[in-house]
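The values are calculated or read from the model by the stated rules, or taken from the named source; none is laboratory data. Here the structure is a predicted model, which is why all the values come from computation and not from measurement. Cβ sites come from the backbone with ideal geometry, for glycine too, and all protein chains shown count toward neighbours.
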């Protein structure tokens, strides 16, 4: 394909072009230059026939000179590597740009807060024959929450009146108050106490705190992590009888936890409900919403 007179003329013209590329073998300075150079690609295209253009591409892709081969190979390697790395770099940049910036979760002003039982609620959801759930609540929650600028000094002391359990079925509630479950005559309250909190991210709707406190039910104590958020302070507005202007704001908290009732001796009925195979894991979920009032500082 490169043996025609036009291809010979093409080789000569490529030779002078090749002398202008770094790394390519140069023509001898004593060799006659009986041909002209081109100032642009369009000028060269006007002088070459379509067949010459095809031959030009073929000659560059399959050159006979070793130096040309090496230079083209290096160029192709660089271009290929760049083409492969560009999407990777763009992807990494996009992921970094979209990654949420983890910030320390908010807390109310430091102080000791007394839980307001009229605006605090403790709900639970327990497995029923594995595939179903029974939901209920405890109607009486009391305690204190201590907030400090030092997370290690934050503390919680909460008591829930077990006799106030309510699942909207009187017969079931009486059974739950009995000796097989909460045994409220002997153990009238379940207690949660903890000291020290640490932030955790990835909890909806935003970053949250976790306290590795101890839960006591039926005189049995187990460590139960409590995850909570601080949505904010109750808005103060003129004319409010419960929170008039000038009174410290009332913080609100939302908390959640999970446990196995079998850990607290509640093992009657279907054992598969107790978090054992084939259904391992916690079988009771707890949700707590509280509002609290700042206690006066000692004089």
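Would you be able to tell me the number of residues in region 226-257 that are at pLDDT 85 or above and either in contact with a helix residue (DSSP H, G or I) (Cβ under 7 Å, 6 or more places away or on another chain) or not in a strand (DSSP E or B) (or both)? Qualifying residue count for the region: 1. List, please: which pairs have Cβ atoms under 8 Å, are six or more places apart or on different chains, and start with a residue in region 161-186 that is in contact (Cβ under 8 Å) with a residue 12 or more places away in the chain and at positive phi and end with one that is surrounded by 15 or more Cβ atoms within 10 Å (Cβ to Cβ) and in a loop (DSSP other than H, G, I, E, B)? Every condition considered, the pairs that remain are 183/218. Would you mind stating whether residue 195 is more than 16 Å from residue 146 (Cβ to Cβ), touching a helix residue (DSSP H, G or I) at 6+ places or on another chain (Cβ under 8 Å) and modelled with pLDDT of 95 or more? Spelling it out, it is not the case that residue 195 is more than 16 Å from residue 146 (Cβ to Cβ), touching a helix residue (DSSP H, G or I) at 6+ places or on another chain (Cβ under 8 Å) and modelled with pLDDT of 95 or more.
Would you say residue 260 is touching a strand residue (DSSP E or B) at 6+ places or on another chain (Cβ under 9 Å), within 24 Å of residue 128 (Cα to Cα) and modelled with pLDDT of 85 or more? Spelling it out, residue 260 is indeed touching a strand residue (DSSP E or B) at 6+ places or on another chain (Cβ under 9 Å), within 24 Å of residue 128 (Cα to Cα) and modelled with pLDDT of 85 or more.
Of everything in region 263-286 that's outside any strand (DSSP E or B), modelled with pLDDT of 80 or more and touching a helix residue (DSSP H, G or I) at 6+ places or on another chain (Cβ under 7 Å), which residue is farthest from residue 184 (Cα to Cα)? Checking each candidate, the answer is 283.
Just one residue in the set 157, 183, 118, 173 is in the same structural domain as residue 264 (by TED's automatic domain parsing), in a loop (DSSP other than H, G, I, E, B) and modelled with pLDDT of 90 or more; that residue is 183.
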